[in-house]
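Q: For reference, the structure I am asking about is given below.
The values are calculated or read from the model by the stated rules, or taken from the named source; none is laboratory data. Keep in mind that this is a model prediction, so the values were computed, not measured. Here the Cβ positions follow ideal geometry from the backbone for every residue, glycine too, while neighbour counts run over all protein chains shown.
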Amino acid sequence: MSSVPIVDRIRIIPRPDDFLDRNVGASGEVFFNRATNSLRVYSGKDRAGFEIARADLDNISNIDFASKATAAGVANSLPITYMPDTENNLDWVIGTYDFGNNILKYANAVQLESELANYSAATYHGMTLHVHETGALYFAHAGEWRKLLIDTSYGDPISAGYTNPLGAVAYSSSYDDLIDTPDIPLDINDLTDSSNLIPDTLLDLEITDGTTGQVLTTDGAGNFIFADASAGAENAFTAVVSDDGTFTSESNQTLTIIGGINIATEVVTDSEQLTINLESFPIGFLSNVSTASPTSGQVLKWDGSQWAPGTDVAEGGVGLDADTLDGFESAYYLDYNNFTNTPTTVTLTDLSVGNELAASGDGAISYDNNTGVFRYTPPDLSNYLTSVAFSDLTSTPTTLSGYGITDAPSNLTDLGIADGSSGQVLTTDGAGNFSFSTVSSGGTGIQLTDLSIGTEGTASGDGSLAYDNTTGVFTYTPPIIPTGLTDLGITDGSDGQVLTTNGSGTFTFTTVSGGASDFDALGDASTAGLTIDKTYEPAIAMLRVDNVGTGSYNFPSHYTGENPNIYAISGTTIAFDLDGIPGHPFEIQTPTGDPYNTGLVHVSTTGIVSTGAGAQGKDSGTLYWRIPESISGNYRYQCQSHASMVGAITLKRLSII
């Protein structure tokens with residue numbers, strides 16, 4: 001049988017704090033926290049889980065840590081107890097620690113001498129600290145940090161403020177080695193004034209006298225005061241006072257504490273603790289609660305003077321109590337017909353459109369809120385033109401050039417009539433066709449030389465060409481061409497208005513109201529229930545995403561079941577409609593559970609576009625995934641808030657299908 005292990009390695013997925021702290025997780029699920037180098041296990045019920053292993057051991061209590069240290073042989077006479085720096089609970093040495101034949105490595109230094117003030121010399125009596133700024137070592141004594149001389153190679157220690165402890169004076173132990181010593185008398189009788197040398201009473205030692213019966217006490221720091229004695233046969237209490245009665249204490253008198261109604265007292269076994277317990281009692285025991293017996297389904301109500309049993313007015317169905325209102329689970333409370341004192345509302349059948357009123361002003365629409373009738377008053381158009389004749393136009397040009405005509409005919413050839421030969425005459429076939437032809441002899445008909453073009457007439461109407469058969473003169477009258485709409489009798493409007501017609505030859509300038517400003521305000525889009533995010537770009541499929549509580553996603557538009565395996569083709573775009581999953585942020589992940597941001601585009605229902613990592617974690621709008629053609633295999637979809645809402649996305653490459 002092979003000795004190769006079944007499992008070569010296990011990888012625990014790392015997650016950020018915001019995911020770990022709000023996650024409930026499945027029972028037994030484990031995640032890794034990079035920030036604290038710790039593992040968390042989840043029960044499926046408790047948010048944020050429980051830390052089961054931490055690199056800095058911060059999740060292990062001091063007692064447990066000391067117990068493990070003792071078991072490992074680190075401690076000897078006392079277990080090592082870690083004490084945090086709280087500046088108020090350190091005292092004199094309380095034990096010894098045997099570290100054996102070991103070198104203790106630790107850093108105990110600050111940068112500046114001023115930082116010594118951050119550590120109380122009175123609290124940390126005997127502690128040493130190195131100051132990098134001065135290069136010296138300091139120790140805490142008598143409430144001050146004392147600077148130690150540890151080296152004289154850099155200069156004169158006396159000038160630096162030290163008394164040189166390395167000199168002979170400091171270490172000879174002989175008074176004779178001192179210089180500048182005072183003259184000391186051999187006998188006290190040789191002193192000229194000995195009155196202040198030997199104290200006669202405690203008062204000479206600057207100790208303030210107390211009152212009769214007080215004793216001299218010390219605070220352990222060289223300060224002495226007289227105070228009342230608190231030990232011996234003195235009474236523990238001068239008097240004992242209760243809610244009902246008082247007695248004066250005497251020496252060695254016993255104080256008895258007994259219970260009352262629904263109250264019991266007890267001395268905890270093998271301890272000096274006294275407990276006073278409130279026993280269970282009926283609610284009628286309370287002074288402001290009625291003692292009347294309630295019936296099934298009643299609740300406690302305030303009747304103006306006390307709390308008494310009363311009918312549960314929230315009850316609306318079989319077996320319903322007030323607590324069923326929590327979350328509105330019951331269909332009874334969602335049925336509007338079960339409500340009382342509801343307001344009167346208007347229905348569509350109550351609305352109607354009345355007869356059109358006589359035209360007036362600019363027109364209006366009115367509504368009668370008593371009858372529900374809408375009535376329309378059309379605008380008064382009696383003062384507006386209903387038709388415009390060319391003769392009504394003013395300031396018309398009087399020449400062809402005034403109308404912008406530059407190719408007015410100057411001879412018959414300009415009218416498309418081919419010239420004939422000398423002596424021919426212009427003839428017509430009566431159908432608008434003119435040509436030169438030879439006239440047979442014998443008549444005295446008109447000759448070409450008899451024809452001429454007269455002076456152009458004044459522009460009039462639609463223009464005309466006249467011929468005087470007596471003189472043979474053609475006279476051209478050009479048409480009147482308007483230079484603007486006002487020449488056509490149309491009154492000018494204001495800036496931005498458009499020209500409209502009533503279909504009967506009447507033209508006016510009117511203001512056009514604006515159209516839809518949003519895509520979903522368009523009539524077709526509104527009818528189809530479309531928003532702009534659904535049409536942002538073509539996709540091979542639009543998957544409608546839904547959820548089953550906090551347990552799973554489902555995709556009812558294309559797949560059955562919970563957290564189904566989704567199939568997609570690389571090199572195409574797939575879309576996820578997220579409007580149905582509020583509170584369940586949707587994320588695309590790699591096979592190992594890390595966010596996969598490549599090709600992601602999210603479009604909100606209002607058209608806001610986010611890409612890459614910014615497209616992740618959305619619970620509305622549409623997520624488009626432009627799947628790169630180069631990837632394949634099992635990717636994942638995952639709810640960022642609920643670990644159990646996860647499923648596979650199997651990708652197949654388009655190039656190898």
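Matching residues to (1) within 18 Å of ILE649 (Cβ to Cβ); (2) at pLDDT 95 or above; (3) touching a Pro at 6+ places or on another chain (Cβ under 8 Å); (4) small (Gly, Ala, Ser):
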| residue | (1), (2), (3), (4) |
| --- | --- |
| GLY549 | no, no, no, yes |
| ILE569 | yes, no, no, no |
| ILE574 | yes, yes, no, no |
| HIS602 | yes, yes, no, no |
| THR606 | no, no, no, no |
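Q: Within the stretch 603-625, is there a residue that is in a loop (DSSP other than H, G, I, E, B), more than 18 Å from the chain's Cα centre (by Cα) and over 20 Å from LYS534 (Cα atoms)?
A: no
Q: When you go through LEU137, LEU112 one by one, which is the residue that is of a type outside the set (S, T, N, Q) and surrounded by 16 or more Cβ atoms within 10 Å (Cβ to Cβ)?
A: Values: LEU112 fails: surrounded by 16 or more Cβ atoms within 10 Å (Cβ to Cβ).
Selected residue: LEU137, the only one of LEU137, LEU112 that is of a type outside the set (S, T, N, Q) and surrounded by 16 or more Cβ atoms within 10 Å (Cβ to Cβ).
Q: Please enumerate the residues belonging to the stretch 626-657 that are within 20 Å of THR592 (Cα to Cα), hydroxyl-bearing (Ser, Thr, Tyr) and not in a strand (DSSP E or B).
A: Passing the criteria: SER630, SER632, SER641, SER644.
Q: Which condition breaks for LEU543 when tested against (1) part of a loop (DSSP other than H, G, I, E, B); (2) free of Cβ contacts under 8 Å to residues at least 40 places away in the same chain; (3) of a type in the set (A, V, I, L, M, F, W, C)?
A: (1)
Q: If you don't mind, another one. Please find, within the stretch 616-631, the residue that is farthest from ALA643 (Cα to Cα) out of those that are among the polar types (S, T, N, Q) and either loosely packed, with under 15 Cβ neighbours inside 10 Å or touching a helix residue (DSSP H, G or I) at 6+ places or on another chain (Cβ under 6 Å) (or both).
A: Looking at the filtered set, the residue picked out is SER630.
Q: Oh, and also: Going residue by residue through the stretch 536-545, is there one that turns out to be touching a Gly at 6+ places or on another chain (Cβ under 6 Å), modelled with pLDDT under 95 and in the same structural domain as PHE576 (by TED's automatic domain parsing)?
A: No: the stretch 536-545 contains no residue that is touching a Gly at 6+ places or on another chain (Cβ under 6 Å), modelled with pLDDT under 95 and in the same structural domain as PHE576 (by TED's automatic domain parsing).
Q: Here's a follow-up. ALA613 is checked against (1) aliphatic (A, V, I, L, M); (2) in contact with a Pro (Cβ under 8 Å, 6 or more places away or on another chain); (3) buried (at least 21 other Cβ atoms within 10 Å of the Cβ) and fails just one. What number does that condition carry?
A: All conditions are met except number (3).
Q: Can you confirm whether ALA308 is assigned to a loop (DSSP other than H, G, I, E, B), in contact with a strand residue (DSSP E or B) (Cβ under 8 Å, 6 or more places away or on another chain) and at pLDDT 75 or above?
A: no
Q: Please enumerate the residues belonging to the stretch 468-499 that are surrounded by 13 or more Cβ atoms within 10 Å (Cβ to Cβ) and part of a strand (DSSP E or B).
A: VAL473, PHE474, THR475, TYR476, THR477 - these are the residues of the stretch 468-499 that are surrounded by 13 or more Cβ atoms within 10 Å (Cβ to Cβ) and part of a strand (DSSP E or B).
Q: Turning to a different aspect of this structure: Against the definition (over 28 Å from the mean Cα position of the chain (by Cα) and loosely packed, with under 11 Cβ neighbours inside 10 Å), how does THR572 come out, yes or no?
A: So THR572 fails the test.
Q: Mind checking which residues of the stretch 109-141 are closer than 22 Å to ALA221 by Cβ and assigned to a strand (DSSP E or B)?
A: Matches in the stretch 109-141: THR128, LEU129, TYR138, PHE139, ALA140, HIS141.
Q: Right, here's the next one. Among what's in the stretch 605-618 and is out of contact with any Gly (no Cβ under 6 Å at 6 or more places or on another chain) and either assigned by TED's automatic domain parsing to the domain that holds PHE31 or touching a residue at least 24 places away in the same chain (Cβ under 8 Å) (or both), pick the residue that is nearest to PRO595 (Cα to Cα). Spell out the reasoning first.
A: Our first condition is that a residue be out of contact with any Gly (no Cβ under 6 Å at 6 or more places or on another chain); within the stretch 605-618, this holds for 606-618.
Filter once more, so that each one left must be either assigned by TED's automatic domain parsing to the domain that holds PHE31 or touching a residue at least 24 places away in the same chain (Cβ under 8 Å) (or both): 606-607, 609, 616-618.
Numbers: THR606: 25, GLY607: 24, VAL609: 19, GLN616: 8, GLY617: 10, LYS618: 13 Å.
Residue satisfying both the conditions and the ranking: GLN616.
Q: Kindly indicate whether any position in the stretch 534-557 is over 20 Å from HIS642 (Cα atoms) and among the basic types (Lys, Arg).
A: The answer is yes; a qualifying residue exists.
Q: Here's a follow-up. Quick one: MET645 ticks every box in (1) in contact with a strand residue (DSSP E or B) (Cβ under 6 Å, 6 or more places away or on another chain); (2) more than 19 Å from PRO16 (Cβ to Cβ) except a single one, so which number is it?
A: (2)
Q: Name every residue in the stretch 598-657 that is under 19 Å from THR572 (Cβ atoms) and among the basic types (Lys, Arg), in order of residue number.
A: Across the stretch 598-657, the qualifying residues are ARG626, ARG636, LYS652, ARG653.
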